[in-house]
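Everything on this sheet refers to the single structure shown next.
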Amino acid sequence: MTGDVLARLKDAAGPKGFSEDPLEIAPHVEEWRGTYQGRTPLLLKPAMTEEVSRILAICHETSTPIVPQGGNTGLVGGQIPLGNEVLLSLARLNRVRAVDGPGAHLIAEAGVVLAAVHAAADAVGLMFPLSLASEGSCTIGGNLSTNAGGVNVLRYGMARALVLGLEVVLADGRVLDLLRTLHKDNTGYDLKQLFVGAEGTLGVITAAALKLFPRPAEVVTAFATVRDPAAAVALLTRLQAETGGLIAAYELIARSGLDLVLAHIPDTADPLAAPAPWYVLVEATGGAKFPLKQVVEEALGEAMTDALVGDAVIAESQAQRAALWRLRESLSEAQKKEGASLKHDVSVPVTAIPDFLARAITAVLKIVPDARPVPFGHLGDGNIHFNFSAPKGADGRAFAARRGDVARIVHDIVRDFAGSMSAEHGIGIMKRDELLRYKSATEIDLMRALKHTLDPKNILNPGKILASP
Ligand code: FAD
Ligand code: ZN
């Protein structure tokens, strides 16, 4: 990259729109888990779509690779520049452009932090249901580019289902204005969806029109022990039937995970008297005129009689609800504090989860006998964070070095269940070689054709998702 290209890019981004200061750049090139350490000659920080457009036009003309970045909370290395790429932070595109309460949507720029979208919806008495443990840092642009999931997918779908329109800057700098707010629009191909989940390889999202929803009048949050994962699945079916489909979140937690949270996260306590091997965190949300709490209570009571559930507690206050959620939301952090881990973000059909867990845990323990299984996740939508922690006192590096072997075994079993080896975190750099094993040649061909059409010079996040275009 020549000094001339760098000078033109800085000029396009404006005087406040770039940095070459290693101290400012450092937190942008290291990711949350510390798995990837990147580098970049230049951090670009445009504040307007027009600046992004000018930047990409220059990159296209000069074949300069560029990596888009939002909140840098991605878990597959997609947002990290690994060589000579310039880094494009969208963090300064952070205006909420419009909030339409009666129309139940808002328009936010890519760099708006998810928690700020929640606040903007809340201010008009509505809610935006996308909810992740990283919501204080991740951005709407990153959420859409990764098609983020989180805890409310069961009821509201993934990020893809929550977007009405998009503004995207194409690889050559053209602005593609798809910023519509229509619920129905069958005028040809739904182009916006191409950019959702594309991890910044097909275009740069600069703004999005997002669906808002009525705030539930009642939220019932329960924490229950279940006999085993099969009981957890059976309980979900019952709860959905009894509430008429009002379960918004349904999270499975193994005791091993709860133990890590209780050990590492301050001010946490086991909400139930006696330990049990498996737990579910259930949240039901509904309108004012339905006796939701009573219905959930009765369903849990019957499940106890039938020995599906051992013990259960229902939050009686917002503080209790927050404390229950903290147990779930702290799992990643607690596992990080415990030391080395092997992680898999997989999905299988919900009813296959018990068999998948049994088979995959046995298979992994066969090759790493003292690994500690810490599976948890969004049972309600079939997504399990199928994690293992290193044995106590073990050499973390040696454990982490088993990542490839273990992932191969886990992902092959996932395939046997017609599942996905990346349920919500994406491919990035971490899983791009694995992708070739699990997608058909026809699927990979089509992905390459799309990449070639939208980014013919392969400047947008090169080497992510697909190693070669
Ligand atoms: P980044 O990490 O900055 O970028 C992610 C990808 O999107 C990169 O490929 C980047 O190039 C691209 N990108 C970013 N912005 C743009 C843009 N404007 N245009 C084009 N491409 C762009 N994820 C889940 O799905 N569910 C969870 O429950 C969940 N929980 C998490 C919990 C923790 C503690 C952490 C650290 C992460 C979690 N994640 C989860 C992963 C992560 O938070 C999500 O992937 C999130 O959507 C990433 O947003 P971000 O703004 O940080 O994007
Ligand atoms: Zn998750």
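Odds and ends about this structure:
- Taking the conditions (1) within 16 Å of ligand 1 (Cβ to nearest atom); (2) within 28 Å of Arg432 (Cβ to Cβ); (3) of a type outside the set (Phe, Trp, Tyr); (4) out of contact with any Gly (no Cβ under 6 Å at 6 or more places or on another chain) in turn, Val374 satisfies each one other than (4).
- Selected residue (only one of Ala334, Ala400 is touching a residue at least 60 places away in the same chain (Cβ under 8 Å), more than 20 Å from Pro277 (Cα to Cα) and either surrounded by fewer than 21 Cβ atoms within 10 Å (Cβ to Cβ) or out of contact with any Lys or Arg (no Cβ under 6 Å at 6 or more places or on another chain) (or both)): Ala400
- Some residue of segment 196-207 being part of a strand (DSSP E or B) and out of contact with any Asp or Glu (no Cβ under 6 Å at 6 or more places or on another chain): yes
- Among the residues of segment 85-104, those that are assigned to a strand (DSSP E or B) and closer than 27 Å to Lys45 by Cα comprise Val86, Leu87, Leu88, Ser89, Val96, Arg97, Ala98, Val99.
- The listed residue being within 15 Å of ligand 1 (Cβ to nearest atom) and among the β-branched types (Val, Ile, Thr), out of Ile413, Ile409, Ile384: Ile384
- Selection over segment 92-113 of residues that are within 21 Å of Val29 (Cα to Cα), crowded, with 23+ Cβ neighbours inside 10 Å and not β-branched (Val, Ile, Thr) gives a count of 3.
- Members of segment 358-392 that are out of contact with any strand residue (DSSP E or B) (no Cβ under 6 Å at 6 or more places or on another chain) and in a helix (DSSP H, G or I): Ala358, Arg359, Ala360, Thr362, Ala363, Val364, Leu365, Lys366, Ile367, Asp381
Table: residues versus (1) of a type in the set (Ser, Thr, Tyr); (2) modelled with pLDDT of 95 or more; (3) away from ligand 2 (no atom under 16 Å from the Cβ).
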site: Leu379; (1), (2), (3): no, yes, no
site: Ala394; (1), (2), (3): no, no, yes
site: Val406; (1), (2), (3): no, yes, yes
site: Ile413; (1), (2), (3): no, yes, yes
site: Phe417; (1), (2), (3): no, yes, yes
site: Gly426; (1), (2), (3): no, yes, no
site: Leu466; (1), (2), (3): no, yes, yes
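- Taken over segment 416-462, the criterion of being of a type in the set (Ser, Thr, Tyr) and either within 14 Å of ligand 1 (Cβ to nearest atom) or without any contact (Cβ under 8 Å) to a residue 12 or more places away in the chain (or both) is satisfied by Ser420, Ser422, Ser440, Thr442, Thr453.
- Of the helices (runs of 4 or more DSSP H) lying entirely inside segment 1-83, those containing at least 2 residues that are surrounded by 19 or more Cβ atoms within 10 Å (Cβ to Cβ) span 3-13, 49-62.
- For segment 156-180, a tally of residues being within 15 Å of ligand 2 (Cβ to nearest atom) and either under 23 Å from Ala57 (Cβ atoms) or touching a residue at least 24 places away in the same chain (Cβ under 8 Å) (or both) returns 3.
- Those residues of segment 224-261 which are without any contact (Cβ under 8 Å) to a residue 60 or more places away in the chain and basic (Lys, Arg), in sequence order: Arg255
- Considering residues of segment 116-154 that are of a type in the set (Ser, Thr, Tyr) and not in a loop (DSSP other than H, G, I, E, B) only, the residue surrounded by the fewest Cβ atoms within 10 Å (Cβ to Cβ): Ser131
- All told, Leu132 meets the bar of being at pLDDT below 95 and under 11 Å from the mean Cα position of the chain (by Cα).
- Sole exception among (1) farther than 20 Å from Phe386 by Cβ; (2) surrounded by 20 or more Cβ atoms within 10 Å (Cβ to Cβ); (3) within 16 Å of ligand 1 (Cβ to nearest atom) for Thr285, by number: (3)
- Residues of segment 298-331 that turn out to be surrounded by 15 or more Cβ atoms within 10 Å (Cβ to Cβ), over 28 Å from the mean Cα position of the chain (by Cα) and of a type in the set (Asp, Glu), as a count: 1
- The lone criterion from (1) within 16 Å of ligand 2 (Cβ to nearest atom); (2) at pLDDT 95 or above left unmet by Ala123 is number (1).
- Positions within segment 217-242 being touching a Gly at 6+ places or on another chain (Cβ under 7 Å) and surrounded by 19 or more Cβ atoms within 10 Å (Cβ to Cβ), in sequence order: Thr225, Leu236
The values are calculated or read from the model by the stated rules, or taken from the named source; none is laboratory data. Computed from a predicted structure; not experimentally measured. No Cβ is skipped: glycine too gets one built from the backbone with ideal geometry, and neighbour counts run over all protein chains shown.
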